[in-house]
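Accompanying notes for the structure given below.
The values are calculated or read from the model by the stated rules, or taken from the named source; none is laboratory data. It should be emphasised that the depicted structure is a prediction, and the values quoted were computed from it without experimental measurement. Neighbour counts are summed over all protein chains in view; Cβ atoms, including those assigned to glycine, are modelled from backbone coordinates with ideal geometry. Only protein heavy atoms, including side chains, enter the accessible area calculation; ligands, DNA and RNA are left aside. Shrake-Rupley method; radii C 1.70, N 1.55, O 1.52, S 1.80 Å.
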Amino acid sequence: MCLDGRDCGEVMRHIMRAFVVLALAWLWLPASAPARADAPDQAASVDKAYEYGFPIFEQARLVYLYSYFAGNPQRVPVNRFGHRRQLVDHTARTVTTPNNDTLYSSAVIDLSAGPVRLDVPDFGNRYWSVALIDAYTNNFAHLGTRVSGSKGGAYLIVSPAWHEKPPAGVTLIRAPGNHIVAIARILVDGPDDYEAVHHLQDALILSATTPALSKTDLIRPIPGDPANFVAVVNRVLHDDPPATADTAVLKQLAELGLGADAPPLTDAQRRSWSEHFARAQAALIGESKSIGNVIEGWGYMPPNIGNFGTDYRTRALIALRGIWANIPAEMSYALATADRSGNVLDGDRRYRMHFAAGTPPANGFWSFSIYEVTKEGGLFFGDNPIHRYAIGDRTKGLVRNSDGSLDILVQMESPGAGREGNWLPVPAKNFVVIARAYLPGTALLSGRFRYPGIELLN
């Protein structure tokens with residue numbers, strides 16, 4: 001991520017750890033000893049508390065690293081956008097499952113001292129979106145092509161306590177709390193399009209009516225430390241009160257010391273967290289490997305992704321595998337780890353993805369990306385002879401069949417002259433495919449369309 005004109009490569013390598021998915025780091029957590037047979041209730045309680053608190057902790061950790069940690073020389077000040085200036089390629093190894101479609105701009109926003117104004121440029125025919133996300137990883141508001149069209153405008157983002165009238169011509173956005181995150185995604189058609197997108201990124205401007213309050217007393221999140229986990233979660237619960245619907249579960253979790261005004265942990269509470277914390281982490285990681293429904297080798301995300309309500313399990317799993325995920329109406333994605341017969345995808349074999357005319361159904365655009373799977377479980381682009389990391393409806397040279405259908409060839413070797421336009425190179429033996437549809441059509445959102453299973457050719 002490139003900030004204020006500083007070196008893009010170095011900044012991106014450092015900041016991206018605090019930007020999108022950091023699931024890989026959690027895969028390295030050590031397994032715990034099994035719970036004592038005489039304490040099943042304690043173990044189950046810690047499981048529930050960890051499940052509820054993990055998304056809160058993870059967002060607090062990313063926000064802290066991004067804007068508050070003095071040890072980060074490239075930190076982005078609060079109430080200011082930081083920009084990622086180029087697409088990811090095979091050399092990037094810090095963030096799993098990067099996309100090859102959009103450039104990102106992101107900001108940590110503090111409304112506790114007063115409103116923050118967001119000015120948005122005119123994007124013309126280019127796809128764009130800005131997601132506003134609360135402290136509990138829910139998307140509470142969206143701007144962009146889907147809801148705003150191409151026109152720019154001015155917006156005033158305010159806290160729940162602000163009750164004045166916005167200036168004329170400025171649209172009011174009321175946040176559910178004082179501390180939120182903004183994620184902007186802007187379509188880019190390769191390196192030749194960078195300059196135009198950079199101008200649009202620079203025209204995304206945040207301006208606070210009053211400087212943000214100092215946060216020198218924030219607790220530094222420390223992954224793997226149960227007492228720190230509780231302290232960080234409780235600080236968020238205090239600073240950004242949860243939804244009323246969370247009251248019931250928080251009453252249950254109070255016995256473990258979770259709560260906005262909870263006193264310091266007792267010795268018994270510390271013992272429960274210490275004995276069961278690592279096992280609760282490992283259990284969540286295990287569950288995250290199979291999110292959603294699998295149909296013909298494709299795994300589909302739950303329909304409440306991005307706005308979880310009281311579905312704390314899905315919220316925790318998404319926070320682990322893809323925090324700040326978009327809502328389905330904005331972007332739909334599916335992951336294939338196996339072909340249509342259920343056999344694990346293998347780079348030594350050749351495959352075909354066949355789509356009927358008019359599919360995949362996307363009102364914006366669609367793409368497929370291949371990722372090699374590391375031994376730790378991370379998903380990254382791999383090098384290939386034509387340096388292609390995704391293929392989609394904007395890919396130059398893509399050729400449809402005479403009946404309008406489309407074949408995408410998934411294999412390690414070139415399919416030969418005249419067919420490379422439809423080639424999605426496989427970089428390694430172990431790989432997966434991710435399908436993305438931006439502004440997905442009704443057929444995809446309703447489940448009437450499903451991606452055809454990947455066909456084995458040899």
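Consider the stretch 253-272 and keep the residues that are touching a residue at least 60 places away in the same chain (Cβ under 8 Å) and under 18 Å from TYR312 (Cβ atoms). The one that is surrounded by the fewest Cβ atoms within 10 Å (Cβ to Cβ) is GLU255. Would you confirm whether any residue within the stretch 84-105 is within 19 Å of ALA212 (Cβ to Cβ) and not polar (S, T, N, Q)? No, the stretch 84-105 has no match at all.
The residue that is most open to solvent (accessible area, probe 1.4 Å), counting only those in the stretch 274-307 that are modelled with pLDDT of 90 or more and on the phi > 0 side of the Ramachandran plot, is GLU296.
The residues listed here are GLY190, GLY149, GLY144; of these, the one that is without any contact (Cβ under 8 Å) to a residue 12 or more places away in the chain and under 24 Å from the mean Cα position of the chain (by Cα) is GLY149.
Selection of the stretch 219-246 for residues being surrounded by fewer than 16 Cβ atoms within 10 Å (Cβ to Cβ) and of a type in the set (A, V, I, L, M) yields ILE219, ILE222, ALA243, ALA245. Restricting the stretch 371-392 to residues that are modelled with pLDDT of 95 or more and open to solvent by less than 10 Å² (accessible area, probe 1.4 Å) leaves a set whose member that is farthest from THR96 (Cα to Cα) is GLY392. Remark: pairs (first residue in the stretch 213-227, more than 17 Å from ASP110 (Cβ to Cβ); second residue at pLDDT below 90; Cβ separation under 7 Å; 6+ apart in sequence or on different chains) = GLY224/LEU29. With respect to the stated conditions, ASP403 is within 13 Å of HIS354 (Cα to Cα) and in contact (Cβ under 8 Å) with a residue 24 or more places away in the chain.
Of the residues making up the stretch 43-98, those that are among the small types (Gly, Ala, Ser) and part of a helix (DSSP H, G or I) are ALA43, ALA44, SER45, ALA49, GLY53, ALA60, SER67. Among the residues of the stretch 116-127, those identified as surrounded by fewer than 23 Cβ atoms within 10 Å (Cβ to Cβ) and either in a loop (DSSP other than H, G, I, E, B) or of a type outside the set (Val, Ile, Thr) (or both) are ARG117, ASP119, PRO121, ASP122, PHE123, GLY124, ASN125, ARG126, TYR127. Of all residues in the stretch 146-166, those satisfying the criterion of being open to solvent by less than 40 Å² (accessible area, probe 1.4 Å) and within 30 Å of THR442 (Cβ to Cβ) are SER148, GLY149, GLY152, GLY153, TYR155. Would you pick out the residues in the stretch 397-449 that are in a loop (DSSP other than H, G, I, E, B), open to solvent by 10 Å² or more (accessible area, probe 1.4 Å), closer than 30 Å to THR374 by Cβ and not acidic (Asp, Glu)? Result: LEU398, MET412, SER414, PRO415, ARG419, PRO427, ALA428, LYS429. Criterion first (β-branched (Val, Ile, Thr), at pLDDT 85 or above and farther than 28 Å from TYR438 by Cβ) does VAL46 satisfy it? So VAL46 passes the test. Considering every residue within the stretch 167-185, establish whether at least one is touching a Pro at 6+ places or on another chain (Cβ under 9 Å), open to solvent by 40 Å² or more (accessible area, probe 1.4 Å) and farther than 30 Å from SER45 by Cα. Within the stretch 167-185, one or more residues are touching a Pro at 6+ places or on another chain (Cβ under 9 Å), open to solvent by 40 Å² or more (accessible area, probe 1.4 Å) and farther than 30 Å from SER45 by Cα.
With the condition kept exactly as written, say whether any residue in the stretch 320-337 is of a type in the set (D, E, K, R) and either at pLDDT below 95 or part of a loop (DSSP other than H, G, I, E, B) (or both). Yes: the stretch 320-337 contains one or more residues that are of a type in the set (D, E, K, R) and either at pLDDT below 95 or part of a loop (DSSP other than H, G, I, E, B) (or both).
Scanning the stretch 70-94 for residues that are surrounded by fewer than 16 Cβ atoms within 10 Å (Cβ to Cβ) and either touching a residue at least 40 places away in the same chain (Cβ under 8 Å) or among the aromatic types (Phe, Trp, Tyr) (or both) yields PRO73, ASP89, HIS90, ARG93.
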